[in-house]
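Engineer: First the structure, which I've put down as structure tokens, then a few questions once you've had a look.
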Amino acid sequence: MKEITLTINGKQVKGKEGDTVLDICQANGIDLPTLCHFKGLKDVGACRLCVVEIERERRPVPACTYPARDGLVIQTKNEKLEKYRRLILELMFTERNHLCAQCVASGDCELQSLAYKYQMDNARYPYSWPALPVDSVNDYLVIDHNRCILCGRCIRTCDEIVGVHTLDFGYRGWKDMVVADLNQPLGTSSCISCGACFQVCPTGAIFSKSSAYKGRPEECQKVSSICPVCGVGCQIEALVKDNRLVRIDSPDLTGKRGILCHKGRFAPLYRNNERIDTALVKNGRGKLESRTLSEAIGIVAKRFAELKARYGSNSIAGIASSQASNESLKAFKELISGTIGSELIDTIDGDIYRTIMQGINTYQKDAALDIETSIEEILKSDCIIVVGANPLESHPVAGSYITRAASQYRAKLIIIDPSENTFSYHTTLWLKPKEGKESLALDVLTKAVINKGTKKDSAQAKKVTASLKDINVKQVSEQVGIGSDELLEAAEILSKSKRSVIIYGEGILQHKNPGIITSIFKLGTIASGQSASKPQIISLKPKGNSRGAWDMGIASPSQSVMKSITGNNIKALYILLADDYIEASELPKFGKGLEFVVIQSSYLSSATSKANVVLPSPIWVEISEKYSTLDGVAKSTSRLIKPTDGIKADSQILREISKHINK
Amino acid sequence: MAKVKVATVWLESCAGCHMSFLDIDEAIIDLANLVEFTRTPITDIKEFPQVDVGIVEGSVGNTEEEKVLKELRAHCKILMAWGDCACFGGVCAMRSTLDKEEVLRRGYIETESTYKGKIPRPPGVPALLDQVKPANHVVKVDCYVPGCPPEAEAILYALKELLAGRIPVLPSDMMRFD
């Protein structure tokens, strides 16, 4: 880009064409106050604090929206401009009801900091004292309109970064205010509670219930980590005070993968389930009672050794939740497969793993999960196909990439799902195949794209084309319940796409039908856009570390150990739940032959009450361990807070049990 | 040199600013050599003499407070405002968004512990103003020490500036609104 030279405050500075005056000031260390500006958001010139004088301009102009040109002569600081800035601050303070002494943001407020900077020790203007509402219907967030300065940062973030565009300005002029949807409470609106608006709010107008009055940033320790809750693998930055989480933010909110969701930003600040902080052993009356960890480990090791000696290794089974960390799962495998020597090891989501792998291997023999693409692909694509998934609920950050791609980057969004979906607002086309006809519906769409004459000549593409040669588009589209017009429109979009990606999830996986997965890959082969050499497909896996558990071979490749628990051959069972809250109904019925059950879990639940021994697990904010994202990248968490005494890492307990058995 | 005469008042406030002033600790001894406190809530003198410096803590929320502030202004050369209430309205001004009758009803009748409450309106009880005002919206104020309460250091700084013959303006790092 062309370099330009400007004169700012008498000094020559350089910038690029396309920069704003503010960009150039900031790049050259020239201090300008801002409130509505936020790095990575489009500038709107709402607050007017960055006003500068530019030669030949009749009046001061905001630097954030003024395009820099070669030869501009700019003054950023003089008595008049400083007077204006203080005047703007006084007007802001008198327009609404800014009472710092009782505000959650006091001490961490950009408006207040600027008032200090400009020594605003009084306000000359009459106060308006408008009667304004406080919206606290949302589970996590409060909008206090009394403290809003209408900078619009929240609105732009909600639109440009999150992509859901729940917030916008409502009313006009003097009555202007931030509203959700068509002026509903935030809690009943289309808000996904990602909290991005809270992070960008310069005042206390949008605040988090769980962070309010817990501590000011300067009193807190800042710890960087990743969130392992759903497998998207978002970077987080936590503020911690006195071993308590104060708030969780994104370190780079407006960056490519910057946004967070309520599962990572807010949920860790709440305690909804009862924690297990000591080992529990069932007594003679069938009640769980507290024991020391070493006593409990001794009991587990002794019983397992006995049962193994009496019934053989394969009488003992191990089931793990894919929410456990890679370290925990590794130690779990060592215990079950190594020390005990059992072949019966599986994950709770093992069926899903087997469905996906069988589907992939029908498409391509010996292919592994790395045939899938990365989550970033969503933001690079011009067409996104969502098949049987509800990412805004299950993987909200991935969901927001989809809405952002559709709303900001104008990607086409095709939904293939018979059930309701949260994307309706952004959807280009919604195909609703009949239940049970999903696989055929995908095949007929693939065929329709082939009929458009797409130029794909890879061996795979030829194979796919051949496998679909008998499909008559018109006939089959009726059979699957999709109008042929819609189908052809979808085919048209896909044939024109340069880069497309398919996302599928729960809605498909619940059927446990590998045929649908194969059909998704066939569609991907033909329709992943001209620039893609392989199908661009992402599966939204059920748990935060499903990919890690599956890659490590914890999920059984061939048999469902989960199901075999119901039979009579299994005498002992070790269930590693870690911080996954699982109810008994999510586990298979225990067989009559089962003599001894160990559950290692962070939370008490109907499942743990069925165990003979319960061992305590830490939760993810209490450990520094690795998790694999759903697109296969191992990322490390950092310990944010210390667990209570007596809670040790899962892997440590598992290894101690192994050691005891080997003795 | 004659001592500088000072009068202070607290209007609608919590007395916190005066308490913060007493937090200047041993500096008060040196100050006492230079300053004479006349009418203050601490000395409990009711009449205003002519003074050099008037100090107001608190906002103006009723007719009595308005009268006292005007009287103080008339009796001092320089008027200094202490605290968020006097500088901005402060916590007392939270009621300004509400109708004053609603405020009285809530306070005297609707409070959970009140049985058969009544709004007292005997003659002589000052009436509430429609809105709570900072001092400078009633009279001319010459200098400000915001804070809730202001730091003792900020109060001392402002007093020292006055004694040195300057109108104090708090430097940015001494400014606070909480």
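Engineer: From the helices alone, meaning DSSP H stretches of at least four residues, give me the mean residue ellipticity at 222 nm for the protein assembly as shown, per-run term -39500 (n - 2.57), in deg cm²/dmol to the nearest 500.
Structural biologist: -8000 deg cm²/dmol
Engineer: Whose amide H sits under 5 Å from the amide H of A:T347, counting only residues 5 or more places off or on another chain, with H placed in the peptide plane?
Structural biologist: A:A320, A:A555, A:S556
Engineer: Which three extents, in whole angstrom, do the alpha-carbon atoms of segment A:90-269 cover along their principal axes, largest first?
Structural biologist: Extents along the principal axes, in whole Å: 52, 38, 27.
Engineer: Taking the mean number of other Cβ atoms within 10 Å as a proxy for protection, how do you rank A:612-622, A:585-595 from highest to lowest?
Structural biologist: Highest-to-lowest ranking by the protection proxy: A:612-622, A:585-595.
Engineer: Per-residue Cβ counts within 10 Å, from other chains only, averaged over A:111-119: what number is that?
Structural biologist: 4
Engineer: Among B:P150, B:P123, B:P41, whose mean-square fluctuation peaks in a Gaussian network model of chain B (Cα, cutoff 10 Å)?
Structural biologist: B:P123
Engineer: Right, another one. Using the Kirkwood formula over every pair of different C-alpha atoms, what hydrodynamic radius in Å results for segment A:492-538?
Structural biologist: 11.1
Engineer: Once the principal axes of the Cα atoms of segment A:166-309 are found, what is the range along each, listed largest first in whole angstroms?
Structural biologist: 79, 33, 31
Engineer: Which trypsin sites (Lys or Arg not before Pro) does segment A:438-480 hold that lie in a coil by DSSP with at most 12 other beta carbons within 10 Å?
Structural biologist: Here the trypsin sites (Lys or Arg not before Pro) that fit, given the DSSP loop and packing criteria, are A:K455, A:K469.
Engineer: Normalised by the empirical 2.2 N^0.38 Å for globular proteins, what value does the Cα Rg of segment A:478-587 take?
Structural biologist: Normalised Rg, Cα atoms only: 1.47.
Engineer: Can you list, bin by bin at 10 Å, the percent of alpha carbon pairs in segment A:308-396, starting at 0?
Structural biologist: For segment A:308-396, the pair-distance distribution reads 13, 29, 34, 16, 7, 1, 0.
Engineer: Would you please name the GluC sites (Glu not before Pro) within segment B:74-121 that are DSSP coil residues with at most 10 other C-beta atoms within 10 Å of their C-beta?
Structural biologist: Sparse-neighbourhood loop GluC sites (Glu not before Pro): B:E112.
Engineer: Could you calculate, for chain A, the ratio of the Cα radius of gyration to the Kirkwood radius, expressed as Rg to Rh?
Structural biologist: Using only Cα positions, Rg/Rh for chain A is 1.04.
Engineer: Using only the Cα atoms of segment B:119-178, construct the convex hull and provide its projected area averaged over every direction, in square nanometres to one decimal.
Structural biologist: 6.5
Engineer: Enumerate the whole-percent occupancy of each 5 Å bin, from 0 to the last occupied one, for all C-alpha pair distances of segment A:353-539.
Structural biologist: Over segment A:353-539, the share of Cα pairs per 5 Å bin runs 1, 9, 19, 23, 23, 17, 7, 1 percent.
Engineer: Roughly how tilted is helix A:438-451, in degrees to the nearest 10 and between 0 and 90, from the longest Cα axis of chain A?
Structural biologist: Once rounded, one gets 60 degrees.
Engineer: Using modelled backbone amide H atoms (1.01 Å from N, in-plane), which distant-in-sequence or interchain residues come within less than 5 Å of B:I45's amide H?
Structural biologist: Amide H neighbours of B:I45: B:T40.
Engineer: In segment A:184-222, which trypsin sites (Lys or Arg not before Pro) fall in coil by DSSP and have 13 or fewer other Cβ atoms within 10 Å?
Structural biologist: Passing sites in segment A:184-222 do not exist.
Engineer: What list of ³J(HN,Hα) couplings, whole Hz, do you get for segment A:105-113 from phi and the Karplus terms 6.51, -1.76, 1.60, once you set θ to phi - 60° and write x for glycine and proline?
Structural biologist: Each residue of segment A:105-113 in turn: 8, 4, x, 9, 10, 6, 5, 5, 4 Hz.
Engineer: A follow-up question, please. Considering only the protein assembly as shown, what is the antiparallel percent among its DSSP beta bridges, to the nearest 5?
Structural biologist: Within the protein assembly as shown, antiparallel bridges account for around 45 percent of the total.
Engineer: Relative contact order (percent) for chain A, with alpha-carbon contacts under 8 angstrom and 6 or more residues of separation?
Structural biologist: This gives 14 percent for chain A.
Engineer: How much of the pair distance distribution for segment A:3-77 lies past 21 Å, counting alpha-carbon pairs only, in percent?
Structural biologist: Of all Cα-Cα pairs in segment A:3-77, 15 percent lie more than 21 Å apart.
Engineer: Rg/Rh for chain B: what does it come to with C-alpha atoms and Rh from Kirkwood?
Structural biologist: On the Cα set of chain B, Rg over Rh gives 1.02.
Engineer: Residue by residue through segment A:127-133, which ³J(HN,Hα) values in whole Hz follow from phi under the Karplus form 6.51 cos²θ - 1.76 cosθ + 1.60 (θ = phi - 60°), with glycine and proline marked x?
Structural biologist: Coupling constants for segment A:127-133: 6, 8, 6, x, 7, 10, x Hz.
Read-outs throughout are calculated quantities, based only on the coordinates presented, and are distinct from any laboratory measurement. What you are looking at is a predicted structure, and each value in this text was computed from that prediction instead of being measured. So basically every Cβ, Gly included, is an ideal-geometry build from the backbone, and we count neighbours across all protein chains shown.
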